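The values are calculated or read from the model by the stated rules, or taken from the named source; none is laboratory data. None of these values were measured; they are calculated from a predicted model. Using ideal geometry, Cβ is built from the backbone for each residue, glycine included, and neighbour counts are taken over all protein chains shown. When the accessible area is computed, the model is the full protein with side chains, heavy atoms only, and any ligands, DNA or RNA have been set aside. Shrake-Rupley method; radii C 1.70, N 1.55, O 1.52, S 1.80 Å.
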Amino acid sequence: MERLASFSRSTNAWALLFISALIFEVVALYFQYAMGLEPCVMCIYQRTAMLGVLIAALIGLCGKGIYIVRLIATAGWGIASIWGWLLAREHLSMQTTTDPFAFTCAFEPDFPVPLHEWIPSFFAVTGSCSSIDWSFAGLSMPGWMAVVFAVYSISFLIFAPLIIFKK
């Protein structure tokens, strides 16, 4: 248990979280620009949640030795991971429902600031939430994102007490 606690407060742990989130962001952009898959508003929200994990990991990397910084990074990781999982589950429901009036998909994201106007290449909505343009091993993109965010969330639940409390 001590090895796990030591790892949870190490640079390697925050670097692993950062690199994994960065890879997922790059893959999302590859799917959009190289494969031509158009992101819907739920995709953009999930992309934003992954960006939250990425930023939290960067904060953790920069100040892992300072308790308040470690606390902020850990909270950001947890919030972004759980929010991403909830979004992915909702998006999956939109794709699998048979009721055409059950869910509606917005045409632009509802951020506090107009990110979709400031950085349209990253935040602009061009697709529909109900369309399934890609799948692998029987899961569509939101299905895989639910798995990814579940892993992040479970990891957060395991590591958060170890990161926050020294012993």
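Of everything in segment 70-99, what is open to solvent by less than 30 Å² (accessible area, probe 1.4 Å), out of contact with any Lys or Arg (no Cβ under 7 Å at 6 or more places or on another chain) and under 20 Å from Ser20 (Cβ atoms)? Give them in sequence order.
Correct list: Ala73, Thr74, Gly76, Trp77, Gly78, Ala80, Ser81, Gly84, Leu87, Ala88.
Taking the stated definitions as given, is Tyr67 of a type in the set (Ser, Thr, Tyr), more than 15 Å from the chain's Cα centre (by Cα), open to solvent by 70 Å² or more (accessible area, probe 1.4 Å) and within 15 Å of Gly127 (Cα to Cα)?
no
Output the residue which, of all residues in segment 38-64 that are open to solvent by 30 Å² or more (accessible area, probe 1.4 Å) and aliphatic (A, V, I, L, M), is nearest to the chain's Cα centre (by Cα).
Leu51
Listed here are the residues, each with its yes/no results for (1) surrounded by fewer than 16 Cβ atoms within 10 Å (Cβ to Cβ); (2) free of Cβ contacts under 8 Å to residues at least 60 places away in the same chain; (3) under 20 Å from Leu86 (Cβ atoms).
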site	(1), (2), (3)
Thr126	yes, no, no
Asp133	yes, no, no
Tyr152	no, no, yes
Leu162	no, no, no
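Working only within segment 138-150, note down all residues that are in contact (Cβ under 8 Å) with a residue 60 or more places away in the chain and in contact with an Asp or Glu (Cβ under 9 Å, 6 or more places away or on another chain).
Met141, Pro142, listed by residue number.
Return the residues of segment 8-37 that are in a helix (DSSP H, G or I), open to solvent by 80 Å² or more (accessible area, probe 1.4 Å) and either within 22 Å of Cys62 (Cα to Cα) or in contact (Cβ under 8 Å) with a residue 24 or more places away in the chain (or both); say none if nothing qualifies.
Asn12, Leu16, Ile19, Ile23, Val26
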